[in-house]
1. Which of Arg205, Arg40, Arg138 comes first, and how do the rest follow, when ranked by fewest Cβ neighbours within 10 Å?
2. Give me D for the range 107-185 in µm² s⁻¹, whole number, from Stokes-Einstein with Rh from the Kirkwood sum over alpha-carbon pairs, 25 °C and 0.890 mPa s.
3. Which ³J(HN,Hα) values, rounded to whole Hz and listed in residue order, are derived for the range 157-165 from phi using the Karplus coefficients 6.51, -1.76 and 1.60 in 6.51 cos²θ - 1.76 cosθ + 1.60 with θ = phi - 60°, glycine and proline given as x?
4. Stretched out fully, how many nm does the piece from Ser25 to Arg206 gain, at 0.36 nm a residue minus the Cα gap?
5. What is the helix-to-structure angle for 39-57, meaning the angle in degrees between its Cα long axis and the longest Cα principal axis of the chain, kept from 0 to 90 and rounded to the nearest 10?
6. How large is ³J(HN,Hα) for each residue in the range 91-108, as worked out from phi by the Karplus curve 6.51 cos²θ - 1.76 cosθ + 1.60 (θ = phi - 60°), to whole Hz, x for Gly and Pro?
7. For the chain, what is the relative contact order in percent, using Cα pairs closer than 8 Å and at least 6 residues apart in sequence?
8. If each Cα of the range 16-95 is one equal point scatterer, what is log10 of I(q)/I(0) from the Debye formula at q = 0.11, 0.13, 0.18 Å⁻¹?
Amino acid sequence: MNTPRASWRNTTHDWASGVDAEHLSQIRRNPAVLAPGGVRHLVLEVLAYAADEAESGGGGRCVVILHPDGSMSVADDGRGTDTRVDDQGQVVKKPVMASKDLRFFDNSDAPLLPDGHPRRGMSVVAAFSVWLVHTNRRRGGAWTQRYEHGVPVTGLTPISDDGTTGTTVHFLPDGHLGEPGEGLAGELVGFAGQWGMLSVEVDDRRSR
């Protein structure tokens with residue numbers, strides 16, 4: 001039976017928060033603090049969620065693609081982003097892109113990512129992206145949604161269910177974060193080794 005959103009337990013994000021405009025603005029005002037190292041740090045923020053899924057599932061796989069247009073995508077084979085139906089029959093997805101991760105963002109003891117900087121959450125990636133497309137495949141349904149600087153510009157658009165589960169985050173980082181270096185692919189493979197349960201493949205298509 002569907003239940004009111006107010007009764008849902010908040011673990012990683014506040015289900016009732018929706019789009020936290022002030023939070024997104026705060027991120028965009030602090031690129032040196034929240035995106036140290038630029039694009040590389042953003043990819044690691046996304047990979048950290050894939051690593052969470054791998055840890056909870058006893059192992060997992062992730063593919064990172066560096067696209068010729070400067071965008072990058074991270075696709076994992078986890079359970080997919082939590083999506084629920086409330087007591088009004090409305091489909092609600094956990095607001096991972098547009099609100100703070102309650103575990104990390106304001107936590108002075110947040111775990112460090114492999115680059116040595118604190119983990120802050122997926123909203124950092126969304127806020128620093130010209131556009132971001134979140135594609136989600138979960139048991140019981142699949143959808144995609146587009147964001148611009150963390151703000152959703154589409155609703156949840158249903159896509160065909162191919163029988164798999166997982167999340168793909170495809171994003172174009174803001175230009176002021178700098179161009180990803182030629183050695184980014186190798187760095188990501190090296191960093192990913194610190195997540196023992198997650199197998200990471202990097203496909204660099206920028207020079208093709």
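1. Working: Arg205 11, Arg40 23, Arg138 19.
Result, fewest neighbours first: Arg205, Arg138, Arg40.
2. On the way: Rh = 14.5 Å.
Roughly 169 µm²/s, to the nearest whole number.
3. So the J values, rounded to whole Hz, are 9, x, 10, 5, 8, 9, x, 9, 10.
4. Values: separation 181, 0.36 × 181 = 65.16 nm, distance 3.06 nm.
Separation in residues times 0.36 nm, less the Cα-Cα distance, equals 62.1 nm.
5. The angle comes out at about 50 degrees.
6. Once θ is set to phi - 60°, the couplings for the range 91-108 become 6, 10, 9, 4, x, 5, 8, 10, 9, 6, 7, 5, 7, 10, 4, 9, 9, 5 Hz.
7. Details: 423 pairs, mean separation 58.5, N = 208.
The normalised contact order for the chain reaches 28 percent.
8. -0.44, -0.61, -1.03
Only the coordinates and a few stated rules stand behind these numbers; no lab work does. The structure presented is a predicted model; accordingly, all values stated were derived computationally and were not measured. Ideal geometry is used to build each Cβ from the backbone, glycine not excepted, and the neighbour counts take in all protein chains shown.
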